[in-house]
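Have a look at the structure below, then the notes.
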Amino acid sequence: MSQKEWPLWEVFIRSKQGLDHKHVGSLHAADAEMAIQNARDVYTRRLEGVSIWVVESKHVHASNPDDSAAFYEPANDKIYRHPTFYQVPDSIKHM
Amino acid sequence: MLVKLCLRGMETLELTQEEQFQARIDADVRIEPKDWMPDAYRKTLIRQISQHAHSELVGMLPEGNWITRAPSLKRKSILLAKVQDEAGHGLYLYSAAETLGASRDQMLADLHSGKAKYSSIFNYPTLSWADMGCVGWLVDGAAILNQVPLCRTSYGPYARAMVRVCKEESFHQRQGFEIMQTLCEGSPEQKAMAQEGLNRWWWPTLMMFGPKDSESPNTAQSMNWRIKRFTNDELRQKFVDMMVPQAEFLGLTVPDPNLKWNEAKQGYDFGDVDWEEFWNVVKGNGLCNQERLQARVQAHEEGAWVREAALAHAEKRKQREEAKAVAA
């Protein structure tokens, strides 16, 4: 008996037209077509989706959480990027 | 790795990685797959999640027994949908365990070799149609009580899988209750069948919450890591308080002579579970342990050629496409 596992796929579902695809979980399948069919059976048994994306998990590259502090640091001290940084006179409307 | 943390502006405290981890847990920050975590946390989760997944998988067998014998097409369709849900729940959970580095094949191998456990409740036989009612109403009812707090468990992928499971589980319980209600409103024989089902399933269901708190050494650590949010005894008490009025509504008698409302604690006092039976089933000597495992192993082995053929087919197609790309 072969000990080879089917590859792992990450599944993304668009719950309704106009919304973005969202990660819902993963599954094993021999190829992309089977991954989409399995994703339909596993993740959309109750009309949870109108569109499915699958990506083989090995193709997903992720940032390293241990580096989070340094990695996101550049955004830390730039509060002027937020509208609340600016004072708008009370009499000014629609801004 | 040590991180310096300033407290009250003066003291500098050095936290170990483990202390940082606990601080995040205490602040109810979810832990995600690539985050650092203590080995024991990872191991506990892999054990718990894979056991949970195995339970969903084996849980299909006692109900599968009744698919071809369901009393009507409606009941048969519902039961099929429910069993398919259980397979889905197993898959959500296996994929959550895989985010911790467990391999699917290894988890299945551990189930099939008997190394890994699954919920003992599925080692009881389903002898009558009323058992389909009892499994939905009682067993899934108990499962829901266990699972709802798990939607807030500290490990993100597990919590998210449980949210999905819980959404589907309430259909399971309601269809079980409906089976019981239909039987209880039917002929005296049907009502007797319902009562007989409750008699057999009540105590094994109470065992589903696990050993008494005083004999559950892992509970404290699991609570501390916020994997568990309630103790076994707390959940068992909740279950009894929830189910007794439902049994009364059905006109059924809970098979416990010591069951009594306790005004002071605003809950029921109830008899002690037969722990000898519990441990006996856990150790593999329940009525159906062998049969269940055999069915699982057989299904897995008989499906081997399908798994291999699908891989070979995918490989062949890939090569054909590559050849086409080279030719073009």
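The values are calculated or read from the model by the stated rules, or taken from the named source; none is laboratory data. What you see is a predicted model, and the numbers here were worked out from it, not measured in a lab. When we count neighbours, we look across all protein chains shown, and the Cβ atoms used for this are built from the backbone with ideal geometry, even at glycine. Each accessible area value is taken on the protein alone, full model and side chains, heavy atoms only, with ligands, DNA and RNA left out. Shrake-Rupley method; radii C 1.70, N 1.55, O 1.52, S 1.80 Å.
Assorted remarks:
- Taking residues in segment B:301-328 that are within 9 Å of chain A (Cβ to nearest Cβ), and partners anywhere that are assigned to a helix (DSSP H, G or I) and of a type in the set (S, T, N, Q), not one pair has Cβ atoms closer than 7 Å while being at least 6 places apart or on different chains.
- Condition met for B:Val306 (β-branched (Val, Ile, Thr) and part of a helix (DSSP H, G or I)): yes
- Residue match in segment B:172-190 (condition: assigned to a helix (DSSP H, G or I), within 14 Å of another protein chain (Cβ to nearest Cβ), crowded, with 22+ Cβ neighbours inside 10 Å and within 17 Å of the chain's Cα centre (by Cα)): yes
- Annotation note: Cβ proximity below 6 Å between a residue of segment B:142-161 that is open to solvent by 10 Å² or more (accessible area, probe 1.4 Å) and a residue that is among the charged types (D, E, K, R) (sequence gap 6+ or interchain) occurs for B:Ile144/B:Glu169; B:Leu145/B:Lys238; B:Pro149/B:Arg229.
- Residues of segment B:16-45 classified as β-branched (Val, Ile, Thr), without any contact (Cβ under 8 Å) to a residue 60 or more places away in the chain and away from every other protein chain (no Cβ under 12 Å), total: 1
- Residues within segment B:75-107 that are open to solvent by 10 Å² or more (accessible area, probe 1.4 Å), at the interface with chain A (Cβ under 10 Å from one of its Cβ atoms) and among the aliphatic types (A, V, I, L, M), tallied: 3
- Output for segment B:252-281, where each listed residue is open to solvent by less than 40 Å² (accessible area, probe 1.4 Å) and either in contact with a Gly (Cβ under 8 Å, 6 or more places away or on another chain) or in contact (Cβ under 8 Å) with a residue 40 or more places away in the chain (or both): B:Leu252, B:Val254, B:Pro255, B:Asp256, B:Val273, B:Trp275, B:Phe278, B:Val281
- Qualifying residue in segment A:62-84 (condition: open to solvent by less than 60 Å² (accessible area, probe 1.4 Å) and in contact with a His (Cβ under 9 Å, 6 or more places away or on another chain)): no
- Considering the conditions (1) without any contact (Cβ under 8 Å) to a residue 12 or more places away in the chain; (2) within 10 Å of chain B (Cβ to nearest Cβ); (3) over 24 Å from B:Phe171 (Cα atoms), A:His28 is excluded by exactly one of them, (1).
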